[in-house]
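**Student:** I am attaching a structure below and will ask some questions about it afterwards.
The values are calculated or read from the model by the stated rules, or taken from the named source; none is laboratory data. Since we're looking at a predicted model, the values are computed, not measured. Reconstructed Cβ throughout: ideal geometry from the backbone, glycine too, with neighbour counts over all protein chains shown. Each accessible area value is taken on the protein alone, full model and side chains, heavy atoms only, with ligands, DNA and RNA left out. Shrake-Rupley method; radii C 1.70, N 1.55, O 1.52, S 1.80 Å.
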Amino acid sequence: MIAKNQAHNLPKSLGSVASWVSEIILVINDCTDETESVAKLYGARVEERPWSCRRDQKNIALDLASYQWVLGLDADEVVSEALRQDIHDFFREDHLKYVGAYFPRKTWLIDRWITHGDFYPDYNLRLFRKDYGRWGGSREHDKVIVQGKVKKLKGELLHYSFPTIDFTITKLPEYASSFAKEALEKGRAWNWLDVLFRPPWRFFRSYILKLGFLDGFPGFYVASMAAFSNFFRYSKLFELSKSCDHSNTAQTDLNQRK
C-alpha cells in the first residue's frame, strides 16, 4: 500500500486484512497527519520515500515485500468478508496453478453501492506472485501486469473513493494532464471527432448499455462524469498541443533572427 495523509481511511482498510496477512508494507510520502502512527497500530512496516508517481511508488512497496505472494490495496479500499474467504480458498485449493487472481471492485457513491455502469464490476488484478508481476500502466492509471495464468474470484473489493460529490472532480485536472502529455509523447494529435463523439458515447455506454440507470441518480451522475472527464481530457490535449505549437513557433522565430 502507498499513502499520503490517509489516517482517516487506514483503520477500515488495514483492519480488513491485519488479522490474516503475514506482513503489511506501507510506503508514505509528505504526510502531515497521523498516517504513520495509525499504520503501526496495525503492525505495518512504514517506509518514507519521495513521491514519483503512483505506479513507481507501488513498485517500491512491492520490492520491500518479504513474501512471494502480495495483495495490493489502496488506502480507500476494504477487503470484504466474501473476498477474504475467496482468497483463503484460493490458497488452500489451487494457488499453485496460477500467478495471480483478480476480482470485482465495488464503489460507494452518495448513498449506495454502484453495481452497474462504468464503475462496476471494475475487475482488478491485485493478488499476485511478485516474481511474475509488476505494477505497470501509465504513471497515474497503474495496473498489475503478470506473466502467467490468473484466476477470477467472486468476492468484492469495497471502494470508498468518493466521500463527497466535490471530491469526484478533484482528480480530473491531474488525470487529464497526464493523459494529454502521454498522448503527445506517443504522437497522437487532437481532432474534432474525439471531442464530438467520445463523450456522448461514454455516457450512452455507461448509462444505457451497462445499465447505469438502475443505480438511480448516482448512476446518472457516474455516466455524466464519464462523459465530461472524456471531454475534459481531450480539451486538455488541445490546450497542450497548441502550447507546444506556440513554443515551437517561438523557437523557430528566435533561431531565424539569430
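**Student:** Given the range 1-117, what strands (runs of 3 or more DSSP E) lie entirely inside it while holding 3 or more residues that are more than 20 Å from the chain's Cα centre (by Cα)?
**Tutor:** 45-48
**Student:** Output the residues belonging to the range 92-112 that are hydrophobic (A, V, I, L, M, F, W, C) and either at positive phi or open to solvent by 70 Å² or more (accessible area, probe 1.4 Å) (or both). Spell out the reasoning first.
**Tutor:** Step one: of the range 92-112, the residues hydrophobic (A, V, I, L, M, F, W, C) are 96, 99, 101, 103, 108-110.
Correct list: L96, W108, I110.
**Student:** Limited to the range 29-67, what total is found for residues that are of a type in the set (V, I, T) and open to solvent by less than 30 Å² (accessible area, probe 1.4 Å)?
**Tutor:** As a first pass, look at the range 29-67 and keep what is of a type in the set (V, I, T): 32, 35, 38, 46, 60.
Still in the running and open to solvent by less than 30 Å² (accessible area, probe 1.4 Å): 35, 38, 46.
Count: 3.
**Student:** Checking L26 against (1) open to solvent by less than 20 Å² (accessible area, probe 1.4 Å); (2) at pLDDT below 95, which test does it fail?
**Tutor:** (2) is the only condition that L26 fails.
**Student:** Which of the residues that make up the range 168-184 are open to solvent by 50 Å² or more (accessible area, probe 1.4 Å) and either under 18 Å from M225 (Cβ atoms) or in contact with a Gly (Cβ under 8 Å, 6 or more places away or on another chain) (or both)? Working first, answer last.
**Tutor:** Filtering the range 168-184 for residues open to solvent by 50 Å² or more (accessible area, probe 1.4 Å) gives 169-171, 173-175, 181, 184.
Answer for the range 168-184, where residues must be open to solvent by 50 Å² or more (accessible area, probe 1.4 Å) and either under 18 Å from M225 (Cβ atoms) or in contact with a Gly (Cβ under 8 Å, 6 or more places away or on another chain) (or both): I169, T170, K171, P173, E174, Y175.
**Student:** Look through A65, A61, A82, A44 and report the one residue that is in contact with a helix residue (DSSP H, G or I) (Cβ under 7 Å, 6 or more places away or on another chain) and at pLDDT 95 or above. Explain how you work it out, then say what you get.
**Tutor:** Details: A65 fails: in contact with a helix residue (DSSP H, G or I) (Cβ under 7 Å, 6 or more places away or on another chain); A61 fails: in contact with a helix residue (DSSP H, G or I) (Cβ under 7 Å, 6 or more places away or on another chain); A82 fails: in contact with a helix residue (DSSP H, G or I) (Cβ under 7 Å, 6 or more places away or on another chain).
Of A65, A61, A82, A44, the one residue that is in contact with a helix residue (DSSP H, G or I) (Cβ under 7 Å, 6 or more places away or on another chain) and at pLDDT 95 or above is A44.
**Student:** Something else now. Looking only at the range 138-157, count every residue that is open to solvent by 30 Å² or more (accessible area, probe 1.4 Å), in contact with an Asp or Glu (Cβ under 8 Å, 6 or more places away or on another chain) and in a strand (DSSP E or B) and tell me the total.
**Tutor:** 1
**Student:** Quick check on the range 185-222: of everything there that is open to solvent by 30 Å² or more (accessible area, probe 1.4 Å), within 22 Å of the chain's Cα centre (by Cα) and touching a residue at least 40 places away in the same chain (Cβ under 8 Å), which residue is nearest to C244 (Cα to Cα)?
**Tutor:** Ranking the candidates gives R202 first.
**Student:** What is the one condition in (1) modelled with pLDDT under 95; (2) assigned to a helix (DSSP H, G or I); (3) more than 23 Å from the chain's Cα centre (by Cα) that F179 does not satisfy?
**Tutor:** For F179, the failing item is (3).
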